[in-house]
Amino acid sequence: MIKRIMEMPTRNFIWMVPLALLLLFPVWRAPVATFLAPRGGYDPDLAQNRPDAHDFTMNTVHITQSHNGKTTLDVVSQRAMTGTTVDEFKMDDINAVIIGDSGEQTFVTAKKGLFDKNSSQLSLIESVVIKKPKDKYEIYTELLHYNDKSKIAHCPGATRLVGETVSIKGGRLEYDTVSNRYDIGGRVLCTLTSFTRP
């Protein structure tokens, strides 16, 4: 029989190879299918469309907040990225200018920050420095919340105010930029220089 197959013309032998593969399909199908299966599984979440996603990171970002045609908040960040919502921006290396109704400017710097454009809330974190050139003082803290709608700045942690003739340390500070009123709480230590008794 083998001798007979060997004596067959070459053209007849060639069509027998596909025929043998077809007849032996149940035997080789499982190992080949296992070998060709994709590794790592399939995650259906990766196939989800994200039409509303706005993830980004940008360098040198300038954010301006205005009310009634007047600029009230001007923020420049060396790097900004999306936050947990599309209206929230995380920022690094921030220089901000808070502009009062009379045009008076307060300069603020911080290492990190978060701005929510819906609530007009600016939160500055780490090495926060507030400078008021007109009143000739500076404020140092690690966390500042400023609401551009209410015009109130709030420092919930340890805060130090340093002026030409005064140095005040407190456990917290709240400042109303409209009434120009300070509220310093917690354990307060005040040092006055060039003080004369009445």
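Can you compute the modelled spin-label distance between residue 147 and residue 182, with each label point 7 Å from Cα toward Cβ, in nm?
2.2
Compute the accessible area per residue over segment 121-198, keeping the other protein chains in place, probe 1.4 Å, unit Å².
With all protein chains present, segment 121-198 gives 61 Å² per residue.
Show me the three semi-axes of the equivalent ellipsoid for segment 57-137, from the C-alpha gyration tensor (sqrt of 5 times each eigenvalue), largest first, rounded to whole Å.
21, 16, 10
May I ask you to give the solvent-accessible area per residue for segment 52-103, in square angstrom, as obtained with a 1.4 angstrom probe?
Accessible surface, normalised per residue, equals 59 Å².
Grab the Cα-Cα distance for residue 21 and residue 136, subtract it from 0.36 nm times how many residues apart they are, and report the gain in nm with one decimal.
Length gained between residue 21 and residue 136: 32.3 nm.
Report, in debye and to the nearest 20, how large the dipole of segment 65-195 comes out about its Cα centre when Lys and Arg carry +1 and Asp and Glu carry -1 on their Cβ.
Its charge dipole is roughly 220 debye.
So, in nm, how far is label residue 71 from label residue 86 when the simple model puts each one 7 Å beyond its Cα toward the Cβ?
Going from the residue 71 label point to the residue 86 one covers 2.7 nm.
Lysine pairs in segment 50-198 8 or more apart or on different chains: how many have alpha carbons under 17 angstrom apart?
Taking the Cα cut-off of 17 Å, the pair count is 13.
Rank by packing, highest mean first: peptides 88-95, 145-152, 57-64, with packing defined as the count of other Cβ atoms within 10 Å averaged across residues.
88-95, 145-152, 57-64
If you take all C-alpha pairs in segment 75-198, what percent of them are over 23 Å apart?
When every Cα pair of segment 75-198 is considered, 32 percent fall beyond 23 Å.
The values are calculated or read from the model by the stated rules, or taken from the named source; none is laboratory data. Computed from a predicted structure; not experimentally measured. When we count neighbours, we look across all protein chains shown, and the Cβ atoms used for this are built from the backbone with ideal geometry, even at glycine. Heads up: the accessible areas ignore ligands, DNA and RNA and are worked out on the full protein's heavy atoms, side chains in. Shrake-Rupley method; radii C 1.70, N 1.55, O 1.52, S 1.80 Å.
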